[in-house]
Amino acid sequence: MEWMEFVTPANVCAAVLLLVPYLAVAFWGKAIRLGVLALPRSVQIAVPVLLCVPYALVTAGAGSFRWAWFALYALLPVAIAALLRHATPENGNSSHDAGARPELRQSGLWREFAVLAVLGLAVDLRWFESAWPPHLAIFNKVLLLDVGIYAFVLLRELEGTGFDLRLRWRDLVTGLREAAFYTPVALALGLSLGFLHSHNAWPGLMPIAGAWIFTFFFIAVPEELFFRGWLQNLIERKLGRTWALLITAALFGLAHFNKRTTFFNWQYVLLAAIAGVFYGRAWRRDRRVGASAVTHATVDAIWSLWLK
């Protein structure tokens, strides 16, 4: 099917409803967080019920709407919001307590790990993809990303996430440096394993820029926010920087076990796990998702354009 068949008014509206929260928090997170925390507690928890609307728009237009899935997309975001809202100090304003150490202000980490397990497994094992019309499962991923952003960034106010896409010069330098460190490792290992295959064609500046920008916003940032801003961040509080880096990199690698194949793709897992070390290094330097997303987008763009 041609891609234009998917560009319907309902799908475009659903895409806007899902992308606006993601990008708004990425660029104006502080103002939005203050606005959300000014709402009554019950309203704060109820707001993400609106995330069921994009599901209804997409599936109603395709004739695949199901009440059971609608209920899931209405209730799961609210349940996650309630769980993490109850892990936040009663005044809901922990980020303003500048004199307290982050590890003393962030308690109840079992809730965060439980939420990450649900969101991560739902995406990686494709639990909910059958709810969507064929070729439109990307809506599911962005919807679950919005659930996590609302719960972790706006309600939970998790310290040190670094979800700010107003890139600094230092983010670019750090991100490109780690990409430069990883690329020769990936080339040597990937080519020797037969996993990577080089292509000498020059696609042109516009395709390169387009591939990088698309990868940055729709692959790199969501994955880096999940694995580095949330997961590595939380593990670091329990086990320290080195173990957090290695464990998160290993989990990132395992998350690629079923990519490009129907069985356990150990080559992809190995290269992704090693990449995760460099992505984690980029993030933890200044605790900035933007920096690790630059590394991630650069590596993925090189792979998709010249090595896939």
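The values are calculated or read from the model by the stated rules, or taken from the named source; none is laboratory data. Since this is a predicted model, take the numbers as computed values, not measurements. Glycine also receives a Cβ, built like all others from the backbone with ideal geometry; neighbour counts cover every protein chain displayed.
Results for (1) of a type in the set (D, E, K, R); (2) surrounded by 14 or more Cβ atoms within 10 Å (Cβ to Cβ); (3) modelled with pLDDT of 90 or more, shown as yes or no for each residue.
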{"residue": "148", "(1), (2), (3)": "no, yes, yes"}
{"residue": "158", "(1), (2), (3)": "no, yes, yes"}
{"residue": "164", "(1), (2), (3)": "yes, yes, yes"}
{"residue": "169", "(1), (2), (3)": "no, no, yes"}
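Being more than 22 Å from residue 22 (Cβ to Cβ), modelled with pLDDT of 95 or more and either over 22 Å from the mean Cα position of the chain (by Cα) or not assigned by TED's automatic domain parsing to the domain that holds residue 31 (or both) narrows it down to one of 65, 70, so name that one.
The unique qualifying residue is 65.
Within the bounds of the range 33-43, is there any residue that is among the small types (Gly, Ala, Ser) and touching a residue at least 24 places away in the same chain (Cβ under 8 Å)? Within the range 33-43, not a single residue is among the small types (Gly, Ala, Ser) and touching a residue at least 24 places away in the same chain (Cβ under 8 Å).
Does residue 214 satisfy being surrounded by fewer than 21 Cβ atoms within 10 Å (Cβ to Cβ) and at negative phi?
Against the criterion (surrounded by fewer than 21 Cβ atoms within 10 Å (Cβ to Cβ) and at negative phi), residue 214 qualifies.
Restricting attention to the range 256-308, the residues being in a loop (DSSP other than H, G, I, E, B) and modelled with pLDDT of 95 or more number 2. Residue count for the range 156-192 satisfying the condition of being farther than 18 Å from residue 296 by Cβ, assigned to a helix (DSSP H, G or I) and of a type outside the set (A, V, I, L, M, F, W, C): 1. Per this entry, residue 124 is not counted among residues that are surrounded by 20 or more Cβ atoms within 10 Å (Cβ to Cβ) and more than 18 Å from residue 22 (Cα to Cα).
Taking the conditions exactly as written (assigned by TED's automatic domain parsing to the domain that holds residue 299 and assigned to a helix (DSSP H, G or I)), does residue 195 satisfy them or not? Against the criterion (assigned by TED's automatic domain parsing to the domain that holds residue 299 and assigned to a helix (DSSP H, G or I)), residue 195 does not qualify. Taking the criterion of being aromatic (Phe, Trp, Tyr) and more than 18 Å from the chain's Cα centre (by Cα), the only residue of the range 236-258 that qualifies is 243. Of the residues making up the range 33-57, those that are closer than 24 Å to residue 6 by Cβ and either under 22 Å from the mean Cα position of the chain (by Cα) or not assigned by TED's automatic domain parsing to the domain that holds residue 132 (or both) are 50, 51, 52, 53, 54, 55.
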